[in-house]
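Novice: Let me give you the structure first, and then I'll get to my questions.
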Amino acid sequence: MTADQAKPHRTRATLIGATAVLMWSTLALLTTLTGTVPPFQLTAMAFGVATGLILVVWTARGQSPLGHLRLAPRVWLLGVAGLFGYHFFYFMALRNAPPVDAGLIAYLWPLLIVVFSALLPGERLRWWHLAGALAGLAGTVLLVTGGGRVSFQAQYALGYAMAGACALTWSIYSVLSRRFAHVPTNAVGGFCAATAALAALAHLAFETTVWPADTTAWLAILALGLGPVGASFFTWDHGVKHGDIQTLGAASYAAPLLSTLLLIAFGKGEATPSVVLACGLIVGGAVLASRDMLRRRRS
């Protein structure tokens, strides 16, 4: 593929990866509809749905599931550590620190993706990439705190460490996935199956089983497995492997913004001036970080 041919391919892959951000924005709303199902149990059920979906797709195509699971050990390690590790550290952070504090630390991962991407062959970290990611982070802080003050406390050090590990896990997984661009995205189906199994074990170790209370909760879990905890990981994998990873990193800060707007639209949140300001910071940061891609589009 020539350089001119690669440009539209890279842009298309970036847009495909960005659909993951759109799907992740529905995560909070759908999770509120699942009721009191514990987080690890919910993770196991949602990833179980995702696994079932990809098995149906493979069967419909006449493909052998085992053929998609013959992967090098290091590929399995990266994929399972990324998907399960992120969720494990995130939920453990919420168990050991206030949700707002843990969430802010965990949401350093888009910024870390932008920074770590400079270590990849053929990638260069420009000032607009970093500035765009920082603007997105500032908008997220404003969005989560509502303009209030964040006060980190020493007794929650374990939770903060877990949240930091969460951010590192997802950013490292996303960046290193680029090194395995030759591995088909179908491999994510195996990672989903392993994550479902490990989440089920974590549920048995840390939680008490609570089954969904009504049809709405069951449908919400199905929707989670189809979208933000299912198809999103396939489109994200394609995006970070073949698209503009720095643009994707900065654009990921749109997820909490869109999530907040959805909650407001469904009467589960309130529109405030801080939301408007956060919108400007996040959208502006994403556009700034996308400067290279927008230039390619104009060319």
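The values are calculated or read from the model by the stated rules, or taken from the named source; none is laboratory data. Remember, it's a predicted structure, so these values are computed and weren't measured experimentally. Note: ideal-geometry Cβ built from the backbone for every residue, glycine included; neighbour counts use all protein chains shown.
Novice: Within region 25-64, can you find the residues that are more than 18 Å from the chain's Cα centre (by Cα) and surrounded by 20 or more Cβ atoms within 10 Å (Cβ to Cβ)?
Specialist: Within region 25-64, Thr34, Val37, Gln41, Ile54 qualify.
Novice: Moving on. From the list Leu258, Leu222, which residue is closer than 23 Å to Phe191 by Cα, at pLDDT 85 or above and surrounded by fewer than 22 Cβ atoms within 10 Å (Cβ to Cβ)?
Specialist: Leu222
Novice: How many residues does region 113-136 hold that are surrounded by fewer than 21 Cβ atoms within 10 Å (Cβ to Cβ), among the aliphatic types (A, V, I, L, M) and in contact (Cβ under 8 Å) with a residue 12 or more places away in the chain?
Specialist: 7
Novice: Tell me the helices (runs of 4 or more DSSP H) entirely within region 1-115 that contain at least 1 residues that are modelled with pLDDT under 90.
Specialist: Fully inside region 1-115 and qualifying: 3-24, 27-33, 65-68, 73-96, 99-106.
Novice: Just to be sure I understand, how many residues within region 158-197 are touching a Lys or Arg at 6+ places or on another chain (Cβ under 9 Å) and among the polar types (S, T, N, Q)?
Specialist: Residues in region 158-197 being touching a Lys or Arg at 6+ places or on another chain (Cβ under 9 Å) and among the polar types (S, T, N, Q): 2 in total.
Novice: Would you confirm, using the coordinates I've provided, whether Val183 is of a type in the set (A, V, I, L, M) and farther than 17 Å from Arg74 by Cα?
Specialist: Answer is no for this residue.
Novice: If you don't mind, another one. Looking at region 264-280, can you tell me whether even one residue there is buried (at least 21 other Cβ atoms within 10 Å of the Cβ) and either in contact (Cβ under 8 Å) with a residue 12 or more places away in the chain or among the hydroxyl-bearing types (Ser, Thr, Tyr) (or both)?
Specialist: Yes, the conditions are met somewhere in region 264-280.
Novice: I need a count of the residues in region 79-104 that are aliphatic (A, V, I, L, M) and either free of Cβ contacts under 8 Å to residues at least 60 places away in the same chain or surrounded by fewer than 21 Cβ atoms within 10 Å (Cβ to Cβ) (or both).
Specialist: Counting residues in region 79-104 that are aliphatic (A, V, I, L, M) and either free of Cβ contacts under 8 Å to residues at least 60 places away in the same chain or surrounded by fewer than 21 Cβ atoms within 10 Å (Cβ to Cβ) (or both) gives 5.
Novice: Something else: Please determine, by comparing only the residues of region 177-214 that are over 25 Å from Val57 (Cα atoms) and of a type in the set (Val, Ile, Thr), which one is surrounded by the most Cβ atoms within 10 Å (Cβ to Cβ).
Specialist: Among residues in region 177-214 that are over 25 Å from Val57 (Cα atoms) and of a type in the set (Val, Ile, Thr), the one surrounded by the most Cβ atoms within 10 Å (Cβ to Cβ) is Val210.
Novice: A follow-up question, please. Given the criteria assigned to a loop (DSSP other than H, G, I, E, B) and more than 20 Å from Phe233 (Cα to Cα), does Leu125 qualify?
Specialist: yes
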